[in-house]
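Take a look at the structure set out below.
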Amino acid sequence: MSIEIVPIGDSAISISFGNEINESTHHQINHFSQNIRRLKIDGVIECVPTYTSMAIFYDPLKIRYSQLEKMVYSLMELAVNSIPQNPIVYRIPVYYGGKTGPDLPFVAAYNNISEQEVISLHSNKEYLVHMIGFVPGFPYLGGLNKIISTPRLEKPRAKVAAGSVGIGGDQTGIYPAEVPSGWRIIGITPLTLFDIENVKPSLLSAGNYITFFPVGYEEFLAIKERFELKKYEVMTYKKGEQIT
């Protein structure tokens, strides 16, 4: 695998891992990120992953570009040959349809399937969290079934509720806060994805997976109340394990 390292101004570099968005590329980026963070290199400020690349921000008064470039190349072989180590899969409850999932009928009609088929195809599937971004806690997910791929709204909504689950083209995701959105909103989760008061503010992190499971409206309200009271534990399992 060939990589490309280029400077971004005088205090950052970009490392390209190719141009294909897939799980193999993601695992290489994630493993590389873990290795460089583990080294705690003096002068390295932050590592920011994307679908196919990573940016490293550094202090040029503490480490030179040539030094950082040399370290990057020394870590690349480990990243290319990396094997994911049993990532965690988070089970995310979703109330589909209704007022909080207004675009479910459109997604079904657009793809010539029933609303229940949309729910079935969207849930019970493991989605890789490629990265967190856009707004704090927003997971960029890979793996949406193309049968339910649906174009974005022609005119974005001024805001959607925190927890809204949407489809935009070939992607799906969860909005952790009330923000504008052009995606087709098909449901809502009662979980809070980002809480600045927590030791770990973001519930999800790159390299792990999520799977959605449908709940009724009453169960949605009950989980929401328990979660807000910190009495609901998000269900998880190791990828590859049998769910019991």
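Some notes on this structure:
- Every residue from segment 1-43 that is open to solvent by 40 Å² or more (accessible area, probe 1.4 Å), without any contact (Cβ under 8 Å) to a residue 40 or more places away in the chain and not in a loop (DSSP other than H, G, I, E, B): Glu4, Val6, Ser24, Gln34, Arg37, Arg38, Leu39
- Test: residue in segment 195-204 that is surrounded by fewer than 19 Cβ atoms within 10 Å (Cβ to Cβ) and at pLDDT 95 or above: no
- Subset of segment 184-194 that is part of a loop (DSSP other than H, G, I, E, B) and in contact (Cβ under 8 Å) with a residue 60 or more places away in the chain - its residue that is surrounded by the most Cβ atoms within 10 Å (Cβ to Cβ): Thr189
- Residues of segment 159-171 that are polar (S, T, N, Q) and at pLDDT 95 or above: Ser164 alone.
- Considering segment 124-158, the residues that are aliphatic (A, V, I, L, M) and more than 14 Å from the chain's Cα centre (by Cα) include one that is least open to solvent (accessible area, probe 1.4 Å), namely Ile148.
- Matching option when the condition is in contact with an Asp or Glu (Cβ under 6 Å, 6 or more places away or on another chain), small (Gly, Ala, Ser) and in a loop (DSSP other than H, G, I, E, B), among Ala206, Ala177, Ala162: Ala162
- Evaluating Gly101 against the criteria (1) assigned to a loop (DSSP other than H, G, I, E, B); (2) out of contact with any helix residue (DSSP H, G or I) (no Cβ under 9 Å at 6 or more places or on another chain); (3) surrounded by fewer than 18 Cβ atoms within 10 Å (Cβ to Cβ) leaves one unmet condition, (3).
- Pick from segment 199-229, criterion of a type in the set (Gly, Ala, Ser) and touching a residue at least 12 places away in the same chain (Cβ under 8 Å), ranking: farthest from Gly163 (Cα to Cα): Gly207
- Scanning segment 220-244 for residues that are in a helix (DSSP H, G or I) and either exposed (fewer than 13 other Cβ atoms within 10 Å of the Cβ) or of a type in the set (S, T, N, Q) (or both) yields Glu225, Glu228.
- Of all residues in segment 1-52, those that are of a type in the set (A, V, I, L, M) and within 26 Å of Asp170 (Cβ to Cβ) total 6.
- Residue satisfying condition, being surrounded by fewer than 18 Cβ atoms within 10 Å (Cβ to Cβ), modelled with pLDDT of 85 or more and either of a type in the set (S, T, N, Q) or in contact with a helix residue (DSSP H, G or I) (Cβ under 6 Å, 6 or more places away or on another chain) (or both), within set Ser66, Ser74, Ser53, Ser82: Ser66
- Among the residues listed as Ala108, Ala161, the single one being open to solvent by less than 50 Å² (accessible area, probe 1.4 Å), free of Cβ contacts under 8 Å to residues at least 12 places away in the same chain and hydrophobic (A, V, I, L, M, F, W, C): Ala108
- Residue within segment 209-219 that is β-branched (Val, Ile, Thr), part of a loop (DSSP other than H, G, I, E, B) and open to solvent by 40 Å² or more (accessible area, probe 1.4 Å) present: no
The values are calculated or read from the model by the stated rules, or taken from the named source; none is laboratory data. Predicted model only: the values in this text are computed from it and were never measured. Glycine gets a Cβ as well: all are built from the backbone with ideal geometry, and neighbour counts include every protein chain shown. These accessible areas exclude ligands, DNA and RNA; they are computed on the full protein's heavy atoms, side chains included. Shrake-Rupley method; radii C 1.70, N 1.55, O 1.52, S 1.80 Å.
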